[in-house]
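The values are calculated or read from the model by the stated rules, or taken from the named source; none is laboratory data. This structure is a prediction, so every number in the text was calculated from the model and none was measured. As a convention, Cβ positions derive from the backbone with ideal geometry for all residues, glycine included, and neighbour counts pool all protein chains shown.
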Amino acid sequence: MTSVALPEAFCAQMIDLLGSDEAQELFTALEQPSPVSIRLNRRKHTPQMLEAGQPIAWSPLGRYLTERPSFVGDPLWHSGAYYVQEASSMILSLIAPLMPQRSLNALDLCAAPGGKSTLLLDLLPEASLLVSNEVVRTRAHILQENLLKWGHPSTIVTHVMPEALGRLTSAFDLILVDAPCSGEGMFRKDHEARSEWSPEAVLHCASRQRSILNDIWPSLAPGGLMIYSTCTMNLEENEHMLHYITSTLGGEALSLLQLPEGIEPSPYSQEPCYRMMPHRVSGEGLFMAIIRKGEGGKVSDGLSNTKRRRPRGKASAKGGREGQALTTMSAIHSWLQRGADRHWGQSREGELFALEEAHWPMLERLEAEGIHPLTSGIPVAILKGRDLIPHPALAHSTELAPKAFEEVELTRLGAIRYLAGEAITLPLDLPVGWYIVCYEGNRLGFVKHLGRRSNNHYPAPWRIRQPQPLYQRLGAMPDILEP
Ligand code: SAM
């Protein structure tokens, strides 16, 4: 990383805010190496993974690592067993006791690459739904990949501007706005953020944040929670923005119920809100506020009166037109736990997906507003002519039926080769058909075994590019299957 000096105007701003002694502590911390941390997947981690690293006080599944390993070279990372996330962001874990303990419709509005969405999925009460949105197309695809690998069944991924989702009046019980910001909290990790920063950029970001908040506020149900966060440290984008929400939009800031040592409410606001500062905690700079929208008016669940739409075409679980369709559907029902109880649909791209019955009205409401999700629930299969191809995401789903596919364990080198898209040869005596390849029991994806050879069905955009250095590090081991 090329070193870039902290911008002078930023230093002056922080001296103004913190006083010169504390500001100096901050500047010193910003020149230290960033801590490395991961968060384990609640539904996928093993007891052994819990022993890795030092626990993070504010996030039960967060761990500090002593060094930065090659995550790309770790098949467990590709399997969605953990997410690489900087520790301060995990403060979101502390909102759990403030959430109503019933199934919630949640929205993560600015979600890519998916750190906070994956955390929310692990925090939300059972049977909740998360709509995870990203406005930048390339980033939306990365978000989609990360969420499919996380494997949670009740996720919808969208790619629209906030105002489109804002039209879903009172649809969400919880909205996370992890706003695009001037990124001062990332000055240690990302020196490019230092070069892009200016006082004008701060004002521009604040104005964009106000417009995002105005656009999305109508879709928060009365009594619902908004989490507003940034990874920056100035007042304009943080405490002042919280004040804008409470005074102009009409919300009440809530206090966290438990504060681990070292985390204190911000001293720069009359209303409760929280700052993670790099010289105070082992993590980057972050701001978070929790706001409850005033009651009055109708509470969420404006969804139940929307009309039910039948799934399209041959995928229809109920009322398929041909015998072929029914056979197809009963085959794929058996690939999921409770497959026959789920609502099945077909995406515009022809993917067959399954969503909880209770979440279907949200999908219909999105589509009624012209919002066509990139992912809805669990993508299960792709129908190609008369063939049913298991969807790559199915291998990662926590809802995959235990005996739906035979699993084949790979060595680490074999796993890396598979993840790089190379051909994998399965034992010749295995019957032809679909198999899931695993590493240390964690599922990576599908191969189609054809007898003398097998086809690698790991999706091209997910593949490890330039794996040669990894091969060299692992040695030229000839075996790729577990003995
Ligand atoms: N929540 C993410 C996570 O934890 O991985 C990080 C989100 S990042 C701080 C902010 C995101 O907002 C970026 O992905 C950016 O593309 C998106 N964004 C940019 N402009 C936006 C806008 N006008 N409305 C909504 N989101 C926007």
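Going by the conditions given, is Ala111 touching a residue at least 12 places away in the same chain (Cβ under 8 Å), surrounded by 24 or more Cβ atoms within 10 Å (Cβ to Cβ) and within 21 Å of Val157 (Cα to Cα)? Yes; evaluated as a whole, the condition is true for this residue. Looking across Ser266, Ser219, one residue alone is without any contact (Cβ under 8 Å) to a residue 60 or more places away in the chain and among the hydroxyl-bearing types (Ser, Thr, Tyr). It is Ser266.
The set of residues in the stretch 163-178 being within 19 Å of the chain's Cα centre (by Cα) and either within 11 Å of the ligand (Cβ to nearest atom) or not in a strand (DSSP E or B) (or both) consists of Leu165, Leu176, Val177, Asp178. Answer yes if at least one residue in the stretch 423-445 is part of a helix (DSSP H, G or I), in contact (Cβ under 8 Å) with a residue 24 or more places away in the chain and of a type in the set (D, E, K, R), and no otherwise. No, the stretch 423-445 has no match at all. I'd like the residue in the stretch 120-139 that is touching a residue at least 60 places away in the same chain (Cβ under 8 Å) and either farther than 23 Å from Pro75 by Cα or within 8 Å of the ligand (Cβ to nearest atom) (or both) and, out of all such residues, is nearest to the chain's Cα centre (by Cα). Checked the stretch 120-139; the qualifying residue nearest to the chain's Cα centre (by Cα) is Val131.
One line per residue, one yes/no per condition, for (1) of a type outside the set (Phe, Trp, Tyr); (2) within 13 Å of the ligand (Cβ to nearest atom); (3) closer than 23 Å to Gly115 by Cα:
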| site | (1), (2), (3) |
| --- | --- |
| Pro180 | yes, yes, yes |
| Ser195 | yes, no, no |
| His204 | yes, yes, no |
| Leu213 | yes, yes, yes |
| Met241 | yes, no, yes |
| Thr246 | yes, no, no |
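Exactly one residue among Ser207, Ser219 is out of contact with any strand residue (DSSP E or B) (no Cβ under 8 Å at 6 or more places or on another chain) and of a type outside the set (Lys, Arg), and that residue is Ser207. Test Glu349 against the criterion of being surrounded by fewer than 22 Cβ atoms within 10 Å (Cβ to Cβ) and modelled with pLDDT of 95 or more, and give yes or no. In short, no. Glu145 passes every criterion in (1) within 10 Å of the chain's Cα centre (by Cα); (2) surrounded by 24 or more Cβ atoms within 10 Å (Cβ to Cβ); (3) charged (D, E, K, R) apart from (2).
Scanning the stretch 55-99 for residues that are more than 16 Å from the ligand (Cβ to nearest atom), outside any helix (DSSP H, G or I) and either in contact with a strand residue (DSSP E or B) (Cβ under 7 Å, 6 or more places away or on another chain) or farther than 30 Å from Pro392 by Cα (or both) yields a count of 11.
The selection criterion, being more than 16 Å from the ligand (Cβ to nearest atom), without any contact (Cβ under 8 Å) to a residue 24 or more places away in the chain and of a type in the set (Asp, Glu), does not hold for Glu252. Which of the residues that make up the stretch 100-117 are within 11 Å of the ligand (Cβ to nearest atom), among the small types (Gly, Ala, Ser) and within 22 Å of Ala127 (Cα to Cα)? Those that are within 11 Å of the ligand (Cβ to nearest atom), among the small types (Gly, Ala, Ser) and within 22 Å of Ala127 (Cα to Cα): Ala111, Gly114, Gly115, Ser117. Looking only at the stretch 202-224, residues that are over 15 Å from Asn238 (Cβ atoms) and either within 23 Å of the chain's Cα centre (by Cα) or in a helix (DSSP H, G or I) (or both) come to 11 in all.
Scanning the stretch 110-147 for residues that are touching a Phe, Trp or Tyr at 6+ places or on another chain (Cβ under 8 Å), β-branched (Val, Ile, Thr) and either more than 22 Å from Arg365 (Cα to Cα) or in a helix (DSSP H, G or I) (or both) gives a single hit, Thr118. Does the stretch 148-162 include one or more residues that are part of a loop (DSSP other than H, G, I, E, B), among the β-branched types (Val, Ile, Thr), more than 8 Å from the ligand (Cβ to nearest atom) and out of contact with any strand residue (DSSP E or B) (no Cβ under 6 Å at 6 or more places or on another chain)? Yes: the stretch 148-162 contains one or more residues that are part of a loop (DSSP other than H, G, I, E, B), among the β-branched types (Val, Ile, Thr), more than 8 Å from the ligand (Cβ to nearest atom) and out of contact with any strand residue (DSSP E or B) (no Cβ under 6 Å at 6 or more places or on another chain).
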